[in-house]
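FYI, it's all coordinate maths here, none of it is from the lab. Worth saying up front: this structure is predicted, and the values here are computed from it rather than measured. Note that each Cβ is placed from the backbone with ideal geometry, even for glycine, and that neighbours are counted across all protein chains shown.
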Amino acid sequence: MYSNTAYLHQTDLALEDLSRPLIVESCGTYRLNTFPIMNTCRPSGRKDYQMLYIHAGKATFTFNGEKRVLSSGHMILYPPGIPQYYTYYGADRPEVFWVHFTGRNAAHLLGCSDPSSDGLIIDTGVSSEYTGLFLHIIRELQSRRPEFEEICALLLSQLFALIRRHLSEKMLNQNNLLQKEMEEAVHFFHENSHIHFSINSYASSLHMSVCWFIRCFKKYTGMTPAQYITTIRMADARALLESSDYTISEISSLIGYENPLYFSRIFKKYNGCPPSVYRSSV
């Protein structure tokens, strides 16, 4: 096993210190090459904050009795007092960076002061910027040059700033993708409003649950998919009633309704009068 560690107080003793905004107590890295297994079991957690960054391979964590295998590109933030159970298996080739910290502002580094009771799992992706900052903190703690404590705090703040930026950009990209998918759904509904198709199947084609798709579509358009399709059909019906000689039954069939009586009821609900009355008034 390869390890590279550094400690502020030359010990792994966990401390809670609120005298300063941010204090980096220790930092290090483990790379399990020869050991078959390495277990960590802290039923009462630590008094300080701990963050782990899986740079390579994977590691097994237990949260509230449930095991989860997390691969490279994940960080795990443990607040004080939260039980810590995790295992590194040599076969998984894990390389993990860790940092322990405390201080008045420690709880707010991610922009939230109440991580989940099980610890906070963050999908950060893999970045050389993260490893560079961890290694810089380790070197500062090891060299103990003037102002090293302040520099370590600044480096940790920079690390969390990078994480916040990554999460913000990830959310923005997801929102952009979602908006594009909703725009495509609107186009699809306009092109196919006259035929019968399954909203469930369309949602599945986007790898969404039907409930999530309906919620997103309503947020984007102000209507559910069914309501939106009906408004398209009603607009088409009004246009045909105004500009064609098709019968009411033919218009009903053209816009997607097999039953003319049902079409008439829906038309009256949306337009205030039956199709025949609407035609005679234009």
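For the reader, a short list of remarks on this structure follows.
- Dimensionless Rg over Rh [the stretch 28-112; C-alpha; Kirkwood]: 0.97
- Charge sum, other residues only, whose C-beta stays under 14 Å from ALA161's C-beta, Lys/Arg counted +1 and Asp/Glu -1: 0
- Shape class of the stretch 127-282 from the alpha-carbon gyration tensor: prolate, with a/c at 1.5 or above and a/b greater than b/c.
- Span-like helix ranges in the chain, DSSP H, alpha carbon extent 18 angstrom or more, Kyte mean at least -0.5: 128-143, 148-192, 225-243
- Comparing PHE134, ASN200, LEU159 along the charge dipole axis of the chain, the residue lying farthest to the positive side is ASN200, per the Cβ-charge model.
- Each listed q (0.11, 0.15 Å⁻¹) maps to a log10 I(q)/I(0) for the stretch 193-282 from the Debye sum over equal C-alpha point scatterers, namely -0.36, -0.62.
- Whole-number D in µm² s⁻¹ for the stretch 103-209, Kirkwood Cα-pair radius fed into Stokes-Einstein, 4 °C, 1.567 mPa s: 72 µm²/s
- Taking 25 °C and 0.890 mPa s as conditions, the chain diffuses translationally at an estimated 105 µm²/s according to Stokes-Einstein applied to its Kirkwood radius (Cα pairs).
- Average Cα contact separation per residue, the chain, under 8 Å, 6 or more apart, as relative contact order %: 15 percent
- Binned Cα-Cα distances of the stretch 2-170, short to long, each 5 Å bin given as a whole percent: 2, 9, 18, 23, 23, 17, 7, 2, 0
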